[in-house]
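Structure first, commentary second.
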Amino acid sequence: MTIKKFQGKTELEATEKAKAELGQGAVVLNVKAIKPTGLFKKFKNSVYEVTAALEEEPNMVNKESAKPAFSVRDTINMVADEKIVIPAPEQEPKKTVQPEFEYKKPEYKKPEYKEMETVGLEEKLESLQNLLEKKLNSGEESPIEEKFAEQPSSGEGFRFLKMLYSILLENEVNEKYANQIMDESEKVVRGGPSMDFLLSNIYQKMILKLGQSRTIEITEKKPKVAFFIGPTGVGKTTTIAKIASKFKVEKGRKVALLTADTYRIAAAEQLRTYANILDTPLTIVYSPQELSDSLERLSEYDLVLVDTAGFSHRNQGQLSDMKQLVENVDESYEKEIYLVLSATTKYRDLLEIADVYRENFEFRMIFTKLDETTCYGNIYNMKMYTGADLSYSTNGQNVPDDIEVFDTQKMVKLLLGGK
């Protein structure tokens, strides 16, 4: 008899593993739910362990029966016309294994949160944002948790914490970073605070982790050179047009456009259309030297925005060309690099993109296409992973309206279940 143990997230999954290895004739002897251990066991699910056995087929031939069980000469009468009957060999009855006990499948129910826990969450987050804004405007030094410190504990702190953890995962915040937030907040929960106090604590911690947004600032040095890099199709050209419009129309600055995207046929024409509308010069550059010459001719401009070719982060040739282009800018110019990423890109791909670019550039991040997704966890994930500053976010194709300075408070509200 062969006996083995198999594990799975559910009893069915573990049983299927057993039958896949031992065959459909496998007999389940025992099923056990293994509870998680460790500091964060409250937020992990149980694993099911199935013990299965397989009864080996009995040997039809053994040492004692190596010879035929009957003799043809003994059983066949050689008289002519006599009916010949050959008896079949006797077979041992197949043994079956009976379980020693009757197993009853345990009942498992997905945790459900009381409605009272979710009611008013959006209003609480809105209140927290207003309080934080008042604190920043008034210069208060006391934490906003003190506004809720006098409220009695609800006794539901851990349940509320687990609900927030679930909301973060639903918004695709990576489990690693969600666990960090929960670990930091677990100490606060043990003190028995109110749910409002706990929510304000997490809210502020996440805002601090996202940090202050850093955007393009015009200085005395002219021109400031801003490069926009990133994969194909993330919206670099449209983002440049939006930023150019903001500085030219709303702030009255002298803006010029350069494009080094000579790979796409329509790239330069798209940017030229925006340049004509804004009445700004557009220059196409084919080499690092041409970029330097163009910057000298644009020395009276406040801001030069440089569009670069989008390409796969695995294309080392184009990556090398871009690096030469950026490094060839004279040190007398202030230059900044903005990595443009789409909020709809898969997290694994974002990690690969970030790894390639941060080996070659020091950048800030712009996230586009926020209007095409309802899960914003990847923005938080990339901030935690790269440590790069967040700059702008875009939520549509309209120029210049669908762009804004990245709003960290708004993002945290969304990640915690607000609107």
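Data overview
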read-out	value
Accessible area per residue, Å², the stretch 328-419 with all protein chains present, probe 1.4 Å	42
Phi-based couplings in Hz for the stretch 341-354 (Karplus 6.51, -1.76, 1.60; Gly and Pro marked x)	10, 8, 5, 9, 6, 4, 4, 4, 5, 4, 5, 5, 4, 4
Spin-label zone in the stretch 277-317 - amide nitrogen under 18 Å from a point set 7 Å from the Cα of Thr373 along the C-beta vector	313
Sparse-neighbourhood loop sites, GluC sites (Glu not before Pro) in the stretch 167-240 - DSSP loop, at most 15 other Cβ within 10 angstrom	Glu217, Glu220
Glu331 versus Asn45: modelled label distance in nm, points set 7 Å from Cα along the beta carbon direction	5.7
Computed accessible area, Phe363, all protein chains, 1.4 angstrom probe, square angstrom	20
Of Lys187/Lys346; Lys254/Lys383; Lys9/Lys209; Lys222/Lys383; Lys17/Lys176; Lys224/Lys246, pairs whose Cα-Cα distance is over 26 Å	Lys187/Lys346; Lys254/Lys383; Lys9/Lys209; Lys222/Lys383; Lys17/Lys176
For the stretch 187-272: accessible area per residue (Å², 1.4 Å)	43
Charged-residue dipole, Cβ positions (Lys, Arg, Asp, Glu), the stretch 269-352 about Cα centre, Debye nearest 20	560
Mean separation of Cα contacts under 8 Å (6+ apart) over length of the stretch 319-419, as relative contact order %	23
Three-way shape label, the stretch 255-346, alpha-carbon gyration tensor, a/c 1.5	oblate
Cβ-Cβ FRET estimate between Glu300 and Glu186, R0 fixed at 60 Å, reported to 0.05	0.55
Convex hull per residue volume in Å³, alpha carbons only, for the stretch 194-314	162
Spin-label model distance (nm) - Asp293 vs Lys251, 7 Å beyond Cα toward Cβ	3.0
Point-to-point label distance, Thr262-Glu170, nm (Cα→Cβ direction, 7 Å offset)	5.2
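The values are calculated or read from the model by the stated rules, or taken from the named source; none is laboratory data. In this text the structure is predicted, and so the values were computed from the model without any measurement. Neighbour counts run over all protein chains shown; Cβ positions are idealised from the backbone, glycine included. All accessible areas refer to the heavy atoms of the entire protein, side chains included, with ligands and DNA or RNA removed. Shrake-Rupley method; radii C 1.70, N 1.55, O 1.52, S 1.80 Å.
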